[in-house]
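The values are calculated or read from the model by the stated rules, or taken from the named source; none is laboratory data. What you are looking at is a predicted structure, and each value in this text was computed from that prediction instead of being measured. Glycine gets a Cβ as well: all are built from the backbone with ideal geometry, and neighbour counts include every protein chain shown. Note: accessible area is taken over every heavy atom of the protein model, side chains too, but ligands, DNA and RNA are not part of it. Shrake-Rupley method; radii C 1.70, N 1.55, O 1.52, S 1.80 Å.
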Amino acid sequence: MANSLTFVGTLWALLSFLSAAISCTSFFMPYWLFGSQMGKPVSFSTFRRCTYPAHTEEKSVVMVEECGRYASFSAIPSLSWQICTLVTGIGCALLLLVSMAAVLGCCIGDLITRMSGRFQGAMQFVGGLLISSGCALYPLGWNSLEIQQACGNVSSQFQLGTCKLGWAYYCTGGGAAVAMLICTWLSCFAGKKHKPSLY
């Protein structure tokens, strides 16, 4: 089978796929932040939430124990989380695009050259930087009313109150760091040098 990657390039393709899969999956999971509301555990990501309050027909408030995304983009509790959702989503899309091209490079000859590998590494760096920026923006939304209700009414920007950061937050940032630092460096050596043509 034709292969356009060096041994380092194959390692790059594998790490690119893993970092993209970890970042994208963790971005989608609503386990970035854990808290408690009305005696029930709640969790949030930038655009999803598990366990939320709802009004019954008798006008009382009950906690609905299911996960879902916010009804609309404007329903996301803070502007910083809206920006975080966009920035992180674009970064994840870039990482996915590069990882698919890298994996295809394992099967298709002449797909990835030295120059295109470096260009894809630059795209990975930008994608990782966008995801890292999204993770950095996330704490700015902890002062919203919805988060304060889940964090003992004592949370504010960069102060969690009674809440805790979840595994998905760390995995999203970790996947971005691997893509930005390791994969970008490996991409410089991913493509094979082309021999000059005799024709």
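Quick rundown of the values:
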item: All positions within the range 66-124 that are buried (at least 22 other Cβ atoms within 10 Å of the Cβ), touching a residue at least 60 places away in the same chain (Cβ under 8 Å) and hydroxyl-bearing (S, T, Y); result: T88, S99
item: Search result, residues across the range 155-172 that are at pLDDT 95 or above and small (G, A, S); result: G166, A168
item: Helices (runs of 4 or more DSSP H) within the range 117-199 that include 2 or more residues polar (S, T, N, Q) and closer than 30 Å to P41 by Cα; result: 145-150
item: Condition met for I147 (open to solvent by less than 80 Å² (accessible area, probe 1.4 Å), under 26 Å from F28 (Cβ atoms), touching a Leu at 6+ places or on another chain (Cβ under 8 Å) and at pLDDT 95 or above); result: no
item: Search result, residues across the range 29-59 that are over 20 Å from Y170 (Cβ atoms), open to solvent by less than 50 Å² (accessible area, probe 1.4 Å) and part of a loop (DSSP other than H, G, I, E, B); result: T56
item: Check on E57, among the charged types (D, E, K, R) and touching a residue at least 12 places away in the same chain (Cβ under 8 Å); result: no
item: Matching residues in the range 12-21 - criterion: being touching a Ser or Thr at 6+ places or on another chain (Cβ under 8 Å) and open to solvent by 70 Å² or more (accessible area, probe 1.4 Å); result: F17
item: The range 1-11, subset surrounded by 18 or more Cβ atoms within 10 Å (Cβ to Cβ) and of a type in the set (G, A, S), residue farthest from G174 (Cα to Cα); result: S4
item: Which listed residue is in a helix (DSSP H, G or I), at pLDDT below 95 and hydrophobic (A, V, I, L, M, F, W, C), from A20, A93, A102; result: A102
item: V62, sole failed condition from (1) among the hydrophobic types (A, V, I, L, M, F, W, C); (2) over 30 Å from V8 (Cα atoms); (3) out of contact with any strand residue (DSSP E or B) (no Cβ under 9 Å at 6 or more places or on another chain); (4) modelled with pLDDT under 95; result: (3)
item: Subset tally (residues that are small (G, A, S), over 12 Å from S78 (Cβ atoms) and crowded, with 22+ Cβ neighbours inside 10 Å) for the range 126-144; result: 3
